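Below you'll find the structure, written out as structure tokens, and then a few comments.
The values are calculated or read from the model by the stated rules, or taken from the named source; none is laboratory data. Here the structure is a predicted model, which is why all the values come from computation and not from measurement. When we count neighbours, we look across all protein chains shown, and the Cβ atoms used for this are built from the backbone with ideal geometry, even at glycine. With ligands, DNA and RNA removed, areas are computed over all heavy atoms of the protein, side chains included. Shrake-Rupley method; radii C 1.70, N 1.55, O 1.52, S 1.80 Å.
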Amino acid sequence: GPDGKLLGIDLDETSILVAKKNVEFRIQNTEKRLRLVQGNFKDIKEIARKNEFTDLAGILMDLGLSSRLLEASGRGFSFSRFARSLEGRQKDEILDMRFGPDGVPAVELINQETPENLETILREFGEEPRARYIVKAIIAERKRQPIITTLQLVQVIEQVLPRQGKIHPATRVFQALRMAVNHELENLEKGLKDSLEIL
């Protein structure tokens with residue numbers, strides 16, 4: 001309604017800035033009616049309390065990922081051979097994959113996690129049927145040298161899974177690492193539980 005207020009939460013600072021720019025010309029009295037907070041929806045109860053949002057009419061969660069923002073982040077989410085830098089070279093980035101500043105980056109998981117835990121991550125979060133073979137290749141490579149960048153990891157995966165069809169063999173591995181690094185399922189579970197409590 002005309003007197004309604006909106007609280008927006010996003011981990012990515014760029015998304016906050018884009019949202020603010022997009023709604024400023026659509027909502028009158030933006031400063032009074034719109035509050036944009038950089039944070040995780042797992043903390044929705046605390047964020048709502050701090051920002052004095054108590055009598056909530058509804059909560060909308062957009063759980064999709066912005067591929068544009070992920071590719072532009074420089075955090076190693078994208079391994080696409082079509083994603084190129086301004087100089088025209090293949091895109092290669094450090095394996096970070098964190099949405100925000102906190103947590104353990106993917107480069108640490110890849111190089112320090114036990115083979116058993118890596119296999120569990122690939123199976124549970126990526127539904128990767130050849131997880132064991134990929135992990136064996138990762139372990140062999142990291143004994144030779146640390147796996148630091150997206151293209152290094154892609155090359156290791158391609159040794160085990162040659163590309164067939166439209167979906168790149170590294171897709172499920174990158175998805176699994178991203179989900180593990182950001183604790184996506186645990187955060188969603190907590191966010192949903194707390195959302196029900198504050199509605």
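List of remarks:
- Segment ASP92-LEU196, length gained on full extension (0.36 nm per residue, minus Cα span): 33.3 nm
- At most 15 other Cβ within 10 Å, DSSP loop - trypsin sites (Lys or Arg not before Pro), the range 133-199: ARG163, LYS166
- Each 5 Å bin from 0 upward holds the following percent of the Cα-Cα pairs of the range 96-199: 2, 12, 21, 24, 17, 10, 6, 4, 3, 1, 0.
- Here the label points at ASP3 and ARG144, each 7 Å from Cα along the C-beta direction, are separated by 6.9 nm in the simple model.
- A probe of 1.4 angstrom, applied to the heavy atoms of all protein chains, finds PHE99 with accessible area near 40 square angstrom.
- Exceedance of the 27 Å cut-off in Cα-Cα distance is limited, within the set LYS42/LYS143; LYS21/LYS193; LYS166/LYS193; LYS143/LYS166; LYS5/LYS190; LYS20/LYS50, to LYS42/LYS143; LYS21/LYS193; LYS166/LYS193; LYS143/LYS166.
- Label separation (GLU158 vs VAL18): 2.8 nm, computed from points 7 Å beyond Cα along the C-beta direction.
- Loop-located GluC sites (Glu not before Pro) across the range 89-189 with a Cβ neighbour count of 16 or fewer within 10 Å are GLU127, with loop assigned by DSSP.
- FRET efficiency for LEU185 and GLU116, using Cβ-Cβ distance with R0 set to 30 Å, rounded to 0.05: 0.95
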